[in-house]
Every structure is written in structure tokens, then in C-alpha cells.
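**Q** Have a look at this one before I ask anything.
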There are 2 protein chains.
Amino acid sequence: MKGFTLWFTGMSGAGKSTLGREVEDALLERGMNVEVLDGDEVRENLSKGLGFSKEDRDTNVRRIAWVCSLLTRNGVATITAAISPYREARAKARETIGRFVEVYCKCDLDTLEARDPKGLYKKARAGEIEHFTGVSDPYEPPEKPEVEVDTGSESIEDSVRKVLLTLEALGYIPKVEEAGYSSDEEKQIAKRLEDLGYI
Amino acid sequence: MKGFTLWFTGMSGAGKSTLGREVEDALLERGMNVEVLDGDEVRENLSKGLGFSKEDRDTNVRRIAWVCSLLTRNGVATITAAISPYREARAKARETIGRFVEVYCKCDLDTLEARDPKGLYKKARAGEIEHFTGVSDPYEPPEKPEVEVDTGSESIEDSVRKVLLTLEALGYIPKVEEAGYSSDEEKQIAKRLEDLGYI
């Protein structure tokens, strides 16, 4: 099977890693080789010493993209979950990788600040964390992501389904007939991909 | 097919990349997925900003090892050609990667200084390059590499053959009957692997 990269982007706490892990399970069930390059894991293994300036974030994203490209061209379903706040850096990652599926984990800031399980937003508001995306650092939402999920309002099952249906519609994974996929959903996804120029 | 990492180590100019590329061709001919992580390419894509202190070299080797481990566990024949002068860092790489075949590209310093196609040894002797392995920085040769080639005295064909025969003996690639492999060579390789505790 040919590889691809699912590039999850979104603010801290928007559910990138959680959704990434759920999608990983679903792809493993379908017999694929899967790797998850989680933001924290990457910071530890590739980017220790880098900070959160624009330059350092871009370097971090470039490194992730290079590793994703190696895995992708060797048939791996590669999932990466890093904030990756800058549009241009994501565009370059898309170019480096080729079979690139951008998944925008959208979640409004009020919801993120209300959840805040690690208290990071609170600390950022108090000025204790610099360069915190959404508070003291920009987040540039994707303009044309292949998938957009709203983790503030939709269930994780719905989000996973959107990702899988998109991969099926792109021909990156084989179609599976399953109860529960409404033809409306399929139509919406086909429409989105058509708008992006795929179909 | 299961992956593995061929870890070429040796001083600058010892022929790591050249041999790596030849082995790449041979493995591609055998239908494997192959990736070469060359020292310079890795410095550009993973380790820009790192220097050549022991700490920075170790960090560089750790990053390479992490990427090798991802590729190896996804069935890729991964070839890396970095000086990787420190024994302990290579031992950690071995641990991270698992199916790890160390290829020591041995070449005596006189030969390297006589060749010196890029004039690097000359510059290092003149004090124009700091931390130059073999001149102003240590190189710790492997004590028990799976393969040892002497690029100062043996032909590249012989070196490639040693690597391939070792991979065959380890069961990492299927055996190919070919004219030119003497049973003496096979015996020597079997002996080496037996000494290393493989067989």
C-alpha cells in the first residue's frame, strides 16, 4: 500500500493527539503500517533545544516534514500532531511530503480555555508562558484543509469517520462498507475534495 | 520484508557514502525499500545549528538513530553514513534500532591524508578546521562491528560483497547464489558472526 501523511494542526488542547491515536487504531485495524509522530515526542527526539519563536517552530516543522516524507514514500501511514501554527511552513511540508492530508482540528478559544486540563492557557494568560499559540503567539488556520473537524462540538467518532472517509475518497485507503456512514456525509466529503481540485 | 539499519562509521574520506550508495543499488536490485541517510543530508535536514563538539555529535547521532528506528521497523533497509566517532553513541543507536549492522569503514590516516580530495585534512592540520575527526578530535573504532572493510586496501566490489554476505548470513536478506562468492569468504563471515554471538 502507498503511504501518506495525515498532518493534524490546531491549537494546544484541540485534540490533535487524541484524534491522531484514534485514527491510528482504525488504520492499524485495516492492516496498514502506521507511525504517529506526536508533537512532544518530536520535540524530544528531533528538536531538543529549539524554542517557540517563529524561526524555531518553522525548523521543527521542517524536520517533522522530512521524516514524514521518508516514511510516506516507504508506504507508511504517517500521522503527525504538532501545533504547526504557520500557514507557509505547512505549505512547505505539503510540498516536501506529496501525499499530504491536512486535518484542521478546530476548537474555539473559549472552549480551550474552559477545558485547559494542564492549566497551560491559565499560565499563558498570567504571562508565565511566552509564545503560547492563541494567547501570545499567532495561529493561522488552514484555508483549504482536506479535513476540518470541530472538536469543540462534534464527537470523536464523527471526527475519525470524517478522516477515514476522506482517505477513502482520495483513494489512499480501500473503501470499507460499514453501517453508519450516511450518504450525506460521503457527499459532503466528495464536495470538499472537489472544491480542493482533487476530483 | 523486515527492515534493518546498516550503520556505516569511519573517518571523513573513508568511503562511507560511496560504499553506502553501492550497497543501496545492490539492495534496490533485490527489490527492497532502501533509504540512505547521508551525513551531510542529515546535518541539513535534522541537525542544522549543531556543531562538532562531543555533545553535538552525540545529539546528531541520536536523531539519526531515531529516524533509522522508524524506518527499520517499517521494513526499510536503512543506510546511514555519518562519522559517528563515539563508541557509546553508536552503542545507544544499536539499542534504539534493534536490527543494527555496524559497518566499520577502516582506512589508515596516511591514506586519508594522501587522498584528501576536498583538502579537509590539510585545512585541519593547518588549524583551520576545529574538531576534525582523526586530527583534532577522537575517533573510537568499533570493537565488534558486524562488518569491517578496509577501503584503503580492498576494492569496493569486495566491500559491497562483504556487506551483502553478512546480511545474508544474518537472514536479513534472502540468499542469492552468485558466481564469485568463494566459500572461504562465507566461512570468514560466518566465523565473525559466530564470534559476535549471532550464530
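Every number here is computed from the coordinates shown, using simple stated rules; none is lab data. All values reported here derive from a predicted model rather than from experimental measurement. Counting neighbours? That spans all protein chains shown, and the Cβs are built from the backbone with ideal geometry, glycine included.
**Q** Output ³J(HN,Hα) for the stretch B:149-154: one whole-Hz value per residue in order, computed from phi by the Karplus curve 6.51 cos²θ - 1.76 cosθ + 1.60 with θ = phi - 60°, and x for Gly and Pro.
**A** 10, 10, 6, x, 10, 9
**Q** Taking the Cα centre as origin and putting +1 on Lys and Arg beta-carbons and -1 on Asp and Glu beta-carbons, what dipole magnitude results for the stretch A:1-76, to the nearest 20 debye?
**A** Dipole magnitude for the stretch A:1-76 comes out near 320 debye.
**Q** Suppose every K and R has +1 on its Cβ and every D and E has -1 on its Cβ; what is the size of the dipole of the stretch A:82-165 about the Cα centre, in Debye to the nearest 20?
**A** Working: 14 positive and 18 negative charges, 54 e Å.
Taking the Cα centre of the stretch A:82-165 as origin, the dipole is about 260 debye.
**Q** For a paramagnetic label modelled at 7 Å from the Cα of residue B:40 toward its Cβ, which residues of the stretch B:118-153 fall within the zone defined by backbone nitrogen distances under 13 Å?
**A** Hits in the stretch B:118-153 for residue B:40 at 13 Å: B:118-120.
**Q** Taking the label point 7 Å from Cα in the Cβ direction, how far apart in nm is residue A:91 from each other copy of itself, listed shortest first?
**A** 4.9
**Q** For the stretch A:75-86, just list the computed ³J(HN,Hα) in residue order, Karplus coefficients 6.51, -1.76 and 1.60, θ = phi - 60°, integers in Hz, with x standing in for Gly and Pro.
**A** x, 8, 7, 9, 10, 10, 10, 10, 3, 6, x, 9
**Q** Continuing with the same structure: By the scheme Lys and Arg +1, Asp and Glu -1, what is the net charge of all other residues having a beta-carbon under 9 Å from that of residue B:137?
**A** Details: positive: B:54, B:57; negative: B:130.
Net local charge, residue B:137 excluded: +1.
**Q** Residues with amide H under 5 Å of residue B:137's amide H, sequence separation 5 or more or different chain, H placed in the peptide plane at 1.01 Å from N; which?
**A** HN-HN under 5 Å from residue B:137: B:132.
**Q** Something else now. Loop-only check: which chymotrypsin sites (Phe, Trp or Tyr not before Pro) in the stretch A:24-124 are DSSP coil with at most 13 other Cβ within 10 angstrom?
**A** Values: sites: A:52, A:66, A:86, A:100, A:104, A:121; in loops: A:52, A:86.
Sparse-neighbourhood loop chymotrypsin sites (Phe, Trp or Tyr not before Pro): none present.
**Q** Please give the length that would be gained between residue A:155 and residue A:185 if that part of the chain were fully extended, namely 0.36 nm times their separation in residues minus their C-alpha to C-alpha distance (nm, one decimal). Before the final figure, lay out the partial values.
**A** Numbers: separation 30, 0.36 × 30 = 10.80 nm, distance 1.45 nm.
Difference between extended and current length: 9.3 nm.
**Q** Ok, one more. Using a Cα-Cα cut-off of under 15 Å, which aspartates and glutamates could be cross-linked to residue B:54, ignoring same-chain neighbours fewer than 8 residues away?
**A** Filter leaves B:88, B:130, B:137, B:140.
**Q** Turning to a different aspect of this structure: Restricting attention to the stretch B:115-180, which trypsin sites (Lys or Arg not before Pro) occupy a DSSP loop and are surrounded by at most 16 other Cβ atoms within 10 Å?
**A** B:118, B:175
**Q** Inter-copy label distances at residue B:73, 7 Å along the Cα→beta-carbon direction, one decimal in nm, shortest first?
**A** Here the equivalent label points are 2.3 nm apart from this one.
**Q** As a check on your grasp of the helix formula, calculate [θ] at 222 nm for the protein assembly as shown: sum -39500 (n - 2.57) over DSSP H runs of n ≥ 4, divide by the residue count, round to the nearest 500.
**A** Details: 16 runs with 182 residues, N = 398.
After summing the helix terms and dividing by the residues of the protein assembly as shown, the value is -14000 deg cm²/dmol.
**Q** Measuring nothing but label to label, 7 Å from Cα along Cα→Cβ, what are residue B:188's distances to the other copies in nm, shortest first?
**A** Distances between equivalent label points, in nm: 6.8.
**Q** Right, here's the next one. How would you order A:150-158, B:106-114, B:145-153, A:10-18 from highest to lowest mean count of nearby Cβ atoms within 10 Å? Before the final figure, lay out the partial values.
**A** Numbers: A:150-158: 14.1, B:106-114: 15.7, B:145-153: 19.8, A:10-18: 23.1.
Packing order, densest peptide first, comes out as A:10-18, B:145-153, B:106-114, A:150-158.
**Q** I would also like to ask the following. For each pair in A:118/A:162; A:16/A:118; A:16/B:2, compute the distance between the two Cα atoms and list the pairs where it is over 24 Å. Let's see the in-between values first.
**A** Values: A:118/A:162 28 Å; A:16/A:118 15 Å; A:16/B:2 30 Å.
Where the Cα-Cα span goes over 24 Å, the pairs concerned are A:118/A:162; A:16/B:2.
**Q** On full extension of the chain, what length is gained from residue B:29 through residue B:123, given 0.36 nm per residue of separation minus the C-alpha to C-alpha distance?
**A** Working: separation 94, 0.36 × 94 = 33.84 nm, distance 3.93 nm.
Working it through step by step, the gained length comes to 29.9 nm.
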